Amino acid sequence: MDSHEKFLKEAIRLSFEGMRNGDGGPFGAVVVKNGEIIGRGNNRVAATSDPTAHAEVVAIREACRHLGHFQLDDCILYTSCEPCPMCLGAIYWARPSKIFFACTKADAAEIGFDDDFIYHEIDLPLPERKIPAIQLLREEGLKAFDEWNRMEDKVVY
């Protein structure tokens, strides 16, 4: 068994563990750097009443704490299922070098996790989305952006 399979099997094991513990859905993830697991996660949505506590996000948070940095340079994410749109966004912000996954989003949809709905929502015009997005106070909001843009000691990410 190669190392990619070994780490993906650990992500799958975490999916079983979390599901069986009642933490949430059947999803697990690990973050690996230099052959060492530095972040583990299973879906914890039900256990924490946190809709963002998906396995990938939990693993990314733990790995970033371990590294003391908000980016996962030279890290690989292994996840039991193709990431949902939220997790994919978090993954891109964290910037690992690769993602390996087992099940597909179609597999997840077959058991009631229909991430495709969100993918379609993203492409709709704002007023047509199931949850309408309404813009207000842009000029006031831009003041914070202007101040950020002028800051010399900001941490760019």
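The values are calculated or read from the model by the stated rules, or taken from the named source; none is laboratory data. Since this is a predicted model, take the numbers as computed values, not measurements. Counting neighbours? That spans all protein chains shown, and the Cβs are built from the backbone with ideal geometry, glycine included. Accessible surface is based on the protein model in full, side chains and every heavy atom, while ligands, DNA and RNA are left aside. Shrake-Rupley method; radii C 1.70, N 1.55, O 1.52, S 1.80 Å.
For a straight C-alpha distance cut-off of 16 angstrom, the lysines reachable from residue 33 (same-chain residues fewer than eight places away being disregarded) are 6, 98. Annotation for the stretch 1-62 versus the stretch 82-134: alpha-carbon center distance of 17 Å. Run down the aspartates and glutamates and flag those whose C-alpha is under 15 Å from the C-alpha of residue 154, throwing out any fewer than 8 positions away in its chain. The qualifying aspartates and glutamates are 146.
Take the chain with all the other protein chains still there, run a 1.4 Å probe, and you get 66 Å² of accessible area per residue. Size of the stretch 68-157: Rg and Dmax of its alpha carbons, in Å, are 17.9, 50. Computed packing ranks the peptides 2-10, 87-95 as 87-95, 2-10, most packed first, by mean other Cβ atoms within 10 Å. Assuming R0 = 22 Å, what is the FRET efficiency of residue 71 and residue 36, from their Cβ-Cβ distance, to the nearest 0.05? My answer for the efficiency is 0.80.
Given 0.36 nm per residue, what is the gain on full extension from residue 114 to residue 144 after removing their alpha carbon distance, in nm?
Extra length from residue 114 to residue 144 when fully extended: 7.2 nm.
In this rough spin-label picture, where each label sits 7 Å from Cα along the Cβ direction, the residue 133-residue 154 distance is 2.0 nm.
Evaluate the Kirkwood expression for the hydrodynamic radius of the stretch 30-108, namely the inverse of the mean inverse distance over all pairs of different C-alpha atoms, and round to one decimal in Å.
Final number for the Kirkwood radius of the stretch 30-108 is 12.4 Å.
Applying a DSSP loop filter and a limit of 15 other Cβ atoms within 10 Å to the trypsin sites (Lys or Arg not before Pro) in the stretch 116-157 leaves 129, 130, 154. Axis angle, to the nearest 10 degrees, between helix 138-150 and the longest C-alpha principal axis of the chain: 70 degrees. Could you work out the percent of alpha carbon pairs in the chain separated by over 18 Å, rounded to a whole number? Counting every Cα pair in the chain, those more than 18 Å apart make up 64 percent. Of the accessible area of the chain, with the probe set at 1.4 angstrom, what percent is carbon plus sulfur? Taking all protein chains in place, the chain shows 55 percent carbon and sulfur surface.
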